[in-house]
Structure formats: C-alpha cells, structure tokens
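The values are calculated or read from the model by the stated rules, or taken from the named source; none is laboratory data. This structure is a prediction, so every number in the text was calculated from the model and none was measured. Backbone-built Cβ (ideal geometry, glycine too); neighbour counts: all protein chains shown. Accessible surface is based on the protein model in full, side chains and every heavy atom, while ligands, DNA and RNA are left aside. Shrake-Rupley method; radii C 1.70, N 1.55, O 1.52, S 1.80 Å.
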Amino acid sequence: MSLGDYARYLRALKGGPDFLTIEAATGIPSGAIREIEQRYRRVGENDDDLQKLADYFGVPVEEMIWRREKWRKSLSEALYTAQTKKRPIRLILRDGPSFEGQVLWWDLGATELELVEKGTCVVVQRHAVDDWVLA
C-alpha cells in the first residue's frame with residue numbers, strides 16, 4: 001500500500017478530517033498532505049512531516065517511511081513485469097493473507113491472479129495490497 005493510500009486509510013479511520021484540520025493540528029501545509037494522498041509517484045520526502053503525520057494518526061513513523069517506497073506506479077511495474085514475463089507474484093494484503101499466482105489482468109483499481117493452485121482465480125483490489133514479491 002502506497003504512502004498516499006495509507007494516509008487516506010488512516011484519515012478514514014480517524015473519522016475523515018479534512019486537510020485543513022490536519023494542517024491546523026500538525027503544521028503541515030494542506031497542499032503537502034493532498035500531494036501525499038493523490039500522487040502516483042514517490043512522495044513524502046520530508047521525514048519531519050511524516051513524523052508529524054505519524055504522531056497525528058498514532059502510528060510509528062517507520063510505517064510511513066516504509067510505505068514511501070511502495071508508491072502506486074511501483075506496484076504497476078511489478079504487475080506488468082509479472083504478467084509479461086509470466087512470473088508469479090505474491091500479493092500481501094493489509095489484513096494479513098497473501099495470494100500468489102500469475103497475473104491475468106490488472107488496471108489501476110484491481111488485478112486478477114490465477115493462483116498457484118491452478119484453476120482458482122482471485123481478484124484483488126489494489127488499495128488492499130500492502131506489499132508484493134516477484135518470484
């Protein structure tokens with residue numbers, strides 16, 4: 001899950017405060033918060049801002065820093081590579097389970113895998129993917 005997806009998830013868990021409310025509580029400009037949530041590339045370069053957001057949401061800053069490296073386009077690249085090179089990929093979901101298999105299709109919202117147990121397929125929404133590993 002990208003840093004932006006994670007920030008949106010945390011904001012929802014906190015009742016959906018708007019960007020100005022978060023800005024008032026953290027001192028981070030609302031535009032910077034919006035950029036973190038809406039960009040498809042690597043964002044969140046300022047570790048001080050990530051620390052403030054982590055404190056605001058009550059999570060370890062390491063969790064946010066780790067997710068900075070999981071931007072959305074890197075998942076797209078992994079899915080593309082898995083599909084075109086016919087390599088299995090393991091998708092690890094936010095709530096614990098994982099699925100491993102061949103990518104049948106993917107788009108910006110979801111992907112379908114044919115699981116290692118041939119004949120069984122699963123569609124996974126991308127926002128639920130916490131991490132991935134190409135086999």
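Taken about its Cα centre, the chain carries a charge dipole of roughly 460 debye when the Cβ of each Lys and Arg holds +1 and the Cβ of each Asp and Glu holds -1. A DSSP coil position with no more than 14 other Cβ atoms inside 10 Å describes the following trypsin sites (Lys or Arg not before Pro) in segment 20-117: 41, 85, 86, 94. Contact order for the chain, expressed relative to its length and based on alpha carbon pairs under 8 Å spaced 6+ residues apart, stands at 23 percent. The Cα center of segment 98-121 and the Cα center of segment 1-70 differ in position by 30 Å. Tilt of helix 72-84 relative to the longest C-alpha principal axis of the chain, in degrees (0 to 90, nearest 10)? Once rounded, the angle reads 10 degrees.
On C-alpha positions alone, give me the angle between the axis of helix 3-13 and the longest principal axis of the chain, in degrees, nearest 10. The answer is roughly 70 degrees. For the chain, the calculated P(r) over all alpha carbon pairs, in 5 Å bins from 0 to the bin holding the longest distance, is 2, 10, 20, 21, 15, 12, 9, 7, 3, 1, 0 percent.
Net length available on complete extension from residue 110 to residue 85 is 7.1 nm, with 0.36 nm assigned per residue and the Cα-Cα distance removed.
Within the accessible area of the chain, the carbon and sulfur atoms contribute 51%, probe 1.4 Å, all protein chains present. Residues of the chain were split at every exposed loop site, defined as GluC sites (Glu not before Pro) in a DSSP loop with at most 14 other C-beta atoms within 10 angstrom, and the longest piece left, sites excluded, is 70-116. Residues in the chain average 54 Å² of solvent-accessible surface per residue, probe 1.4 Å, ligands and nucleic acids excluded.
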